[in-house]
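Right, one structure below, let's go through it.
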Amino acid sequence: MASIVTQRFIKCHNKLREESRVRSSRQFAISLDYLPQSLSEILKGRRDVTIELLRKAVDVYKINPVYVYTGEGPMFMSEEDHKSFRVLTIVTDSHDDERIVHVPVPAQAGYAGEVTDPTFIQDLPTFTLPDYKYKVGTHRAFDVAGDSMEPTLFEGDKVICSYLEPTLWENSLKDNYVYVIVTRGDVVVKRVQNRLKAEKYVELRSDNDFYEPYNVNIGDIREIWYVRAKISPFLPSPHNINNLLRNEIREMKNTINNQTSLINNLNATLAKLLENSNGIN
């Protein structure tokens, strides 16, 4: 049996035909660059609609993704809704399985600004993880930049995140959990305080006390990703760390001894100068 999302997609297709916005299912499929035979399998309930097909249907026919995923709201978006709506681009493999897109630091400014461009997303590196929880839903990986989330996250770490649908922001965004927030100009990793229901903003906090918390209005948020795991660079063994610390302590001790010797010599020189000065007087 087809999923509820596929069933709603079929209803949207049927509505388009009833209103003569498309002449046939074949024309509908071709307009979305999709095989008519594959669409026929979806319409018969033998296979589920793909994310990529939904993305194209939203773009071309203004199908309302909120309706498709939740059953709420109208089937189709207004022109104004469509202009402000952002379609999440995904990348799949030859088996139509979704891959995890990695957004490195150099690409993050472009990601925030050009994320509506499918080509930009498709050119980013992708990978998969063996854990089953990364096989369900859409995931992204982001590089951590700066020291604002130390000691939880360090620069060079990578966070693996699951996508939080905009319809779930208000009720599912959890206080004190770590999220990646994509705004209109930046990608940040922060701990969140959810103020959306009453105040229409989220408060973003750093784990490093040096950084002050700040607010971001809901209208400035493009995407929210829940941080599920992190990948950290390989660290040297404890034995190597201890050797490194011993070497640093030895160097510090030598530096202190040298400075102490210099100070003692300086004191001796000053004492002689004072003694000679008293003899002259």
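The values are calculated or read from the model by the stated rules, or taken from the named source; none is laboratory data. Note that the structure is a prediction, hence the values are computed from the model and not measured. Please note: Cβ atoms are built from the backbone with ideal geometry, for glycine as well, and neighbour counts cover all protein chains shown.
Of the strands (runs of 3 or more DSSP E) that lie entirely inside the stretch 180-231, those containing 2 or more residues that are crowded, with 20+ Cβ neighbours inside 10 Å and either outside the structural domain of A112 (by TED's automatic domain parsing) or in contact with a Cys (Cβ under 6 Å, 6 or more places away or on another chain) (or both) span 221-231. For K158, the conditions (1) at pLDDT below 95; (2) surrounded by fewer than 19 Cβ atoms within 10 Å (Cβ to Cβ); (3) within 15 Å of the chain's Cα centre (by Cα) are fulfilled apart from (1). None of T92, T70 is surrounded by fewer than 18 Cβ atoms within 10 Å (Cβ to Cβ), outside the structural domain of K133 (by TED's automatic domain parsing) and touching a strand residue (DSSP E or B) at 6+ places or on another chain (Cβ under 8 Å) except T92.
Restricting attention to the stretch 1-18, report how many residues are loosely packed, with under 15 Cβ neighbours inside 10 Å and among the polar types (S, T, N, Q). Here the count works out to 2.
Looking only at the stretch 125-140, which residues are assigned to a loop (DSSP other than H, G, I, E, B) and not hydrophobic (A, V, I, L, M, F, W, C)?
Passing the criteria: P125, T128, P130, D131, K135, G137, T138.
Out of the residues in the stretch 42-57 meeting the condition of being of a type outside the set (A, V, I, L, M, F, W, C) and surrounded by 13 or more Cβ atoms within 10 Å (Cβ to Cβ), tell me which one is farthest from G137 (Cα to Cα). The qualifying residue farthest from G137 (Cα to Cα) is G45.
All told, I241 meets the bar of being outside any loop (DSSP other than H, G, I, E, B), aliphatic (A, V, I, L, M), under 35 Å from the mean Cα position of the chain (by Cα) and at pLDDT below 85. Of the residues P125, P151, P106, P130, the single one that is at pLDDT 85 or above and either more than 25 Å from D186 (Cβ to Cβ) or in the same structural domain as K56 (by TED's automatic domain parsing) (or both) is P130.
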